[in-house]
Amino acid sequence: MRQHHRTTRLLGSLLLVAAASVSAVGATPTPTAQNALPLDRIVPAPASVTPGGSPYRLTRDTHIRVDDSGEVRRIGAYLAAVLRPSTGYRLPVTTHGKGGIRLRLGKGPFGAEGYRLDSGGKGVTITAAKPAGLFHGVQTLRQLLPAAVEKDSVQPGPWLVAGGTITDTPRYGWRGAMLDVSRHFFTVDQVKRYIDQLALYKVNKLHLHLSDDQGWRIAVDSWPRLATHGGSTQVGGGPGGYYTKADYQEILGYAASRYLEVVPEIDMPGHTNAALASYAALNCDGVAPPLYTGTEVGFSSLCVSKEITYDFVDDVVRELAALTPGRYLHIGGDEAHSTSHEDYATFMDRVQPIVAEYGKTVVGWHQLTGATPAKGALAQYWGLDSTSAAEKAQVAKAAQNGTGLILSPADRIYLDMKYDANTPLGLSWAGYVDVKRSYDWDPGSYLPGAPPEAVKGVEAPLWTETIVTGAHIEYMAFPRLAGAAELGWSPAATHDWDGYKVRLAAQGPRWDALGIGYYRSPQVPWPVG
């Protein structure tokens with residue numbers, strides 16, 4: 001806690017007027033009100049901050065200097081595309097000149113995703129060992145500028161970046177968000193918009209829940225009815241939809257351009273009614289059930305004793321793995337209530353080697369630890385504070401034996417849980433999850449008996465039983481997503497609700513400028529006006 005206060009003082013010392021109030025955050029700065037650009041508006045909190053020196057001011061003469069590298073040029077072009085509409089400046093991307101905004105690869109203690117940002121009167125330089133670090137540094141630079149920089153029309157400015165140095169590396173390598181496109185289908189453009197929102201907060205994994213009882217959302221050439229029939233509906237009986245392979249690759253490419261790795265999920269052996277309805281042979285009795293548009297869980301199961309089941313899994317995994325450049329393939333495994341424990345263990349023993357055969361690492365919901373997780377597998381914990389000690393101990397034992405953990409406790413960071421009793425969307429089976437509750441826990445010590453080093457990161461799932469539109473996604477994700485991102489990125493020493501809620505409040509004007517319709521939690525001191 002002492003370290004937190006020291007960090008807070010460092011952040012606060014960038015304010016030239018110490019009494020600057022939260023209500024001033026996001027206000028249009030004047031040349032003499034450099035305090036309107038404090039570093040304490042940044043989410044996730046940086047690892048290290050050294051304030052000092054003159055601010056840098058973007059002008060019509062500012063250019064973005066990059067290394068002579070295609071990837072760094074693309075990051076420079078991305079930054080220019082963010083800044084041009086609001087500033088009205090040309091901001092040419094070039095490998096020549098001095099000053100301005102400099103993006104450079106260089107040696108340093110940055111790891112794969114860290115960066116250093118140096119700001120002074122002559123310019124801003126972001127240095128990283130890898131392009132991903134440059135991209136994350138660009139997100140910090142965005143937050144150092146006034147919120148109006150996010151608007152898509154010319155704003156008055158001025159555009160000042162406070163002087164100082166940030167050196168920043170993430171706490172965890174897995175900082176994820178899951179989007180359920182099975183209960184309700186979301187278009188490629190809707191997924192891209194969510195990717196952009198995730199990128200602003202340095203999220204680096206997009207977990208796509210591509211199959212469930214209500215819909216199969218990815219084309220599989222060897223089993224075409226999965227998409228055309230199994231994908232033809234959704235919760236409530238709407239038209240559903242699915243991604244062609246080209247659609248999926250478009251999502252993958254867009255995510256990669258924002259340094260997010262897509263983790264596709266095919267849920268099995270349960271949550272499989274869409275597949276069972278598409279192919280009668282996958283059912284033990286050889287009879288295809290009707291398509292399902294409700295919201296119950298736990299009633300479906302692949303037929304563990306039939307060899308065609310494993311032909312099916314092999315084909316799906318092979319095609320999906322061939323499309324997916326990322327390291328992981330999520331095989332679900334939760335709520336398999338219609339599968340006996342013995343069958344469940346048998347199924348997982350057959351399926352996990354198939355994933356490995358096609359070059360991917362298994363991820364499964366934490367029920368996987370009730371079987372025998374493959375070497376290197378990751379278990380995604382979605383239990384509650386109130387989950388039984390026996391179930392927690394089962395997961396902790398797997399972690400002790402080498403299974404990595406992704407923490408997604410449902411009563412903490414399930415983004416589909418209602419904020420309170422009056423929330424018009426979402427569910428409440430895990431209780432109400434207000435903004436403070438979603439932030440105020442420590443992944444490193446959350447699961448009793450799990451070694452801290454077994455925790456690979458955090459992920460905020462958004463299930464979509466009640467989520468139908470892009471606006472619904474935003475209302476349920478924001479502001480809680482920002483907290484989940486901070487839990488994944490920021491050092492434990494910075495973790496403090498009272499400080500965080502002030503930095504979170506500063507995001508409100510930015511979300512307004514970006515057109516994000518968020519929940520104005522009464523726990524957060526949002527700016528007035």
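The values are calculated or read from the model by the stated rules, or taken from the named source; none is laboratory data. What you see is a predicted model; the values in this text were computed from it and never measured. Note that we place each Cβ from the backbone using ideal geometry, even for glycine, and neighbour counts take in every protein chain shown. Only protein heavy atoms, including side chains, enter the accessible area calculation; ligands, DNA and RNA are left aside. Shrake-Rupley method; radii C 1.70, N 1.55, O 1.52, S 1.80 Å.
Annotations for the structure displayed:
- Our summary gives segment 186-244 a relative contact order of 25 percent, counting only alpha carbon pairs under 8 angstrom and 6 or more residues apart.
- Shape parameters for segment 242-346, alpha-carbon atoms, Rg then Dmax in Å: 15.2, 46
- Acute angle (nearest 10 degrees) that the helix 480-489 long axis makes with the longest principal axis of the chain, alpha-carbon atoms: 80 degrees
- In degrees, nearest ten, helix 188-200 long axis to first principal axis of the chain (Cα): 50 degrees
- As a length-normalised measure over Cα pairs under 8 Å and 6 or more apart, the relative contact order of the chain settles at 15 percent.
- Descending Cα extents along the principal axes, the chain, whole Å: 76, 44, 44
- From phi via Karplus (6.51, -1.76, 1.60), per-residue ³J(HN,Hα) for segment 69-86 in Hz, x at Gly/Pro: 9, x, 5, 5, 4, 5, 5, x, 5, 4, 4, 4, 5, 5, 8, 5, x, 7
- Angle in degrees between helix 389-400 and the longest Cα principal axis of the chain, rounded to the nearest 10: 70 degrees
- Quotient of C-alpha Rg and 2.2 N^0.38 Å, computed over segment 386-529: 1.10
- Put simply, when 277-289, 117-129, 187-199 are sorted by average Cβ atoms within 10 angstrom per residue, most first, you get 117-129, 187-199, 277-289.
- In the context of the full set of protein chains, segment 50-204 has a per residue accessible area of 36 Å² (1.4 Å probe).
- Expressed as a whole percent, the accessible surface of the chain that belongs to carbon and sulfur atoms is 53, based on a 1.4 Å probe.
- Residue pairs, from the table Lys130/Lys397; Lys205/Lys375; Lys122/Lys501; Lys98/Lys151; Lys192/Lys418, whose Cα atoms sit over 30 Å apart: Lys130/Lys397; Lys122/Lys501
- Long-range HN-HN contacts of Ile218 with modeled amide H, under 5 Å: Tyr243
- For the chain, with +1 on Lys and Arg beta carbons and -1 on Asp and Glu, the positive-most of Gly376, Val351, Ala80 along the dipole: Ala80
- With every protein chain in place and a 1.4 angstrom probe, the accessible-area ranking of Thr387, Thr361, largest first, reads Thr361, Thr387.
- Per DSSP, loop trypsin sites (Lys or Arg not before Pro) in segment 340-416 with at most 13 further Cβ within 10 Å: Lys375
- Positive-end ranking of Ala227, Tyr201, Leu252 along the dipole of segment 178-263, with charges on Cβ about the Cα centre, is headed by Tyr201.
- Formal net charge of residues neighbouring Tyr518 (Cβ-Cβ distance under 9 Å; K, R +1; D, E -1): -1
- For the chain, a simple Cβ point-charge model (Lys and Arg +1, Asp and Glu -1, everything else neutral) yields a dipole of about 2800 debye relative to the Cα centre.
- Kirkwood Rh and Cα Rg combined as Rg over Rh, evaluated for segment 142-270: 1.11
- Alpha-carbon centroids, segment 244-263 and segment 103-117: separation in whole Å: 25 Å
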